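Data first, discussion second: the structure below is written as structure tokens.
The values are calculated or read from the model by the stated rules, or taken from the named source; none is laboratory data. Note that the structure is predicted; figures quoted are calculated from it, not measured. Please note: Cβ atoms are built from the backbone with ideal geometry, for glycine as well, and neighbour counts cover all protein chains shown.
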Amino acid sequence: MEFNISVIYGDGIGPEIIDSGIRVLNKIEEVYGHKFNIDRALLGGEAIDELGSPIPNETIDKCIKSDAVLLGAVGGPKWDHLKGSERPEAGLLGLRKALGVYANIRPAILFEELKEASPLKSSLIKDNIDICIVRELTGGIYFGEKGKEENEAYDVERYNREEIRRIAKTAFDMAMNRNKKVTSIDKANVLESSKLWRQVVEEVAKDYKEVELEHMYIDNGAMQLVRQPANFDVILTNNIFGDILSDEASAIVGSIGVLPSASLGEGVGLYEPIHGSAPDIAGENKANPIGTILSICLMMKNSLGLYKEGTKIEEAVKEVLKKGYRTGDIMSDNNKLVGTREMTDLIIEEIK
Ligand SMILES: NC(=O)c1ccc[n+]([C@@H]2O[C@H](COP(=O)([O-])OP(=O)(O)OC[C@H]3O[C@@H](n4cnc5c(N)ncnc54)[C@H](O)[C@@H]3O)[C@@H](O)[C@H]2O)c1
Ligand SMILES: CC(C)[C@H](C(=O)O)[C@@H](O)C(=O)O
Ligand SMILES: [Mg+2]
């Protein structure tokens, strides 16, 4: 089959991990006889430098017309002096909004092979950890009214019923195919937006009688996630809490370098690792490409209907980990340290 994939390298380690991703796509083409037409689009810092905007119109046009979008990461110190709307990160938020991808799915699964990389003691991770974070992505404080005066600044957290209903529905639908438990995380003891969130989540839950619904405040939720990670199945939460909890969950399962994400809505899906542009290791062949490679696996399954191929990629990653190869972020004693390119070579070799 033939697909059009828009690819965004972005900044920092973006080009290195996207290079890995493209090589995986090329191998899938070769082994399964598909054709991926890869079209590069600019976003974030690279787009500011080349075209003077963090989100050029041509990028939106290309992405909307494609079958799926693969994105590395944007941002870095070079652009930190810019005002909010001109920063690379504004490009990413603009793209998410333009694609209408309101549901950000961030699976945090502890692979048997990576148990040693988790900072949690073994008694806390002896049970299966397979958490699916469902983060609202196009609303909340990221997109609310903002203002800045000389000595004061604000960002408004605002949600309407429909925004909450559709993301809650995504979470309950996911739970139906998993362990039938949703933990909705909010701050309903303080925030009006969270009170409405809780109310609407309760309403949606009525259509999913088989799913157990639990509510948790964000402060407690952040704590329970490290105390008993195995108790979570689907976590449903807003944009900002989901951002924070997904970095926390990534550390629990080994490293931020291994977590993929799928951002879904009515149209084209956007696939990106959850980590950032990691300026501290950019250009050093140290970045873990697994988060990107597993994002391609999510792309295969969610946007391209290529289930067999997606599963193969996942198996290839596990096989390489089983053989003891590790990038620096997941390295532990007795393993073999490899760089971004070598890790990619090894994974590609397993796709056959
Ligand atoms: N989706 C995105 O594009 C995205 C996400 C988060 C942050 N950012 C941006 O990235 C820049 C850096 O942000 P930050 O430092 O807070 O977060 P970061 O995720 O880039 O890095 C945090 C730490 O994790 C490490 N790390 C991240 N990805 C890794 C990988 N694949 N392999 C190995 N180690 C990895 C980094 O080296 C660093 O020590 C900022 O400009 C930020 O706005 C972009
Ligand atoms: C870079 C930033 C805008 C982004 C977010 O907060 O959504 C990132 O942290 C992420 O997790 O994808
Ligand atoms: Mg984040």
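Evaluate the following for Leu213: is it closer than 20 Å to Gly291 by Cβ, away from ligand 2 (no atom under 11 Å from the Cβ), touching a strand residue (DSSP E or B) at 6+ places or on another chain (Cβ under 6 Å) and in contact (Cβ under 8 Å) with a residue 24 or more places away in the chain? No, not satisfied. Met300 passes every criterion in (1) touching a Ser or Thr at 6+ places or on another chain (Cβ under 8 Å); (2) surrounded by 17 or more Cβ atoms within 10 Å (Cβ to Cβ) apart from (1). Counting only helices (runs of 4 or more DSSP H) wholly contained in the range 34-106, the ones carrying 1 or more residues that are within 11 Å of ligand 2 (Cβ to nearest atom) occupy 88-99. Between Glu203, Glu266, Glu214, Glu248, the distinction of being more than 16 Å from ligand 1 (Cβ to nearest atom), within 22 Å of Asn128 (Cα to Cα) and not aliphatic (A, V, I, L, M) belongs to Glu214 only. Within the range 117-146, being under 17 Å from Ala103 (Cα atoms) and polar (S, T, N, Q) holds for one residue alone: Thr138.
Name the single residue that is surrounded by the most Cβ atoms within 10 Å (Cβ to Cβ) among those in the range 160-182 being in contact with a helix residue (DSSP H, G or I) (Cβ under 7 Å, 6 or more places away or on another chain) and over 20 Å from Glu266 (Cα atoms). Among those residues, the one meeting the criterion is Val182.
Of all residue pairs spaced 6 or more apart or on separate chains, those with beta-carbon atoms under 6 Å, a first member in the range 273-301 that is closer than 25 Å to Ala90 by Cα and in contact (Cβ under 8 Å) with a residue 12 or more places away in the chain and a second member that is within 16 Å of ligand 3 (Cβ to nearest atom) and among the basic types (Lys, Arg) are Ile274/Arg106.
From the list Val204, Val190, the one residue that fits, being assigned by TED's automatic domain parsing to the domain that holds Asp155, more than 16 Å from ligand 3 (Cβ to nearest atom) and surrounded by fewer than 18 Cβ atoms within 10 Å (Cβ to Cβ), is Val190.
Within the range 24-71, the residues that satisfy the criterion of being on the phi > 0 side of the Ramachandran plot and surrounded by fewer than 21 Cβ atoms within 10 Å (Cβ to Cβ) are Gly33, Gly52. Pick from the range 330-352 the residues that are part of a loop (DSSP other than H, G, I, E, B) and within 24 Å of the chain's Cα centre (by Cα): which of them is farthest from Glu309 (Cα to Cα)? Filtering the range 330-352 for residues that are part of a loop (DSSP other than H, G, I, E, B) and within 24 Å of the chain's Cα centre (by Cα), the one farthest from Glu309 (Cα to Cα) comes out as Met331.
Here Val338 clears all of (1) without any contact (Cβ under 8 Å) to a residue 24 or more places away in the chain; (2) within 24 Å of Ala249 (Cβ to Cβ); (3) surrounded by 15 or more Cβ atoms within 10 Å (Cβ to Cβ); (4) not aromatic (Phe, Trp, Tyr) except the condition numbered (2).
Just one residue in the set Ile240, Ile244 is surrounded by fewer than 20 Cβ atoms within 10 Å (Cβ to Cβ), free of Cβ contacts under 8 Å to residues at least 40 places away in the same chain, among the β-branched types (Val, Ile, Thr) and under 23 Å from Leu95 (Cα atoms); that residue is Ile244.
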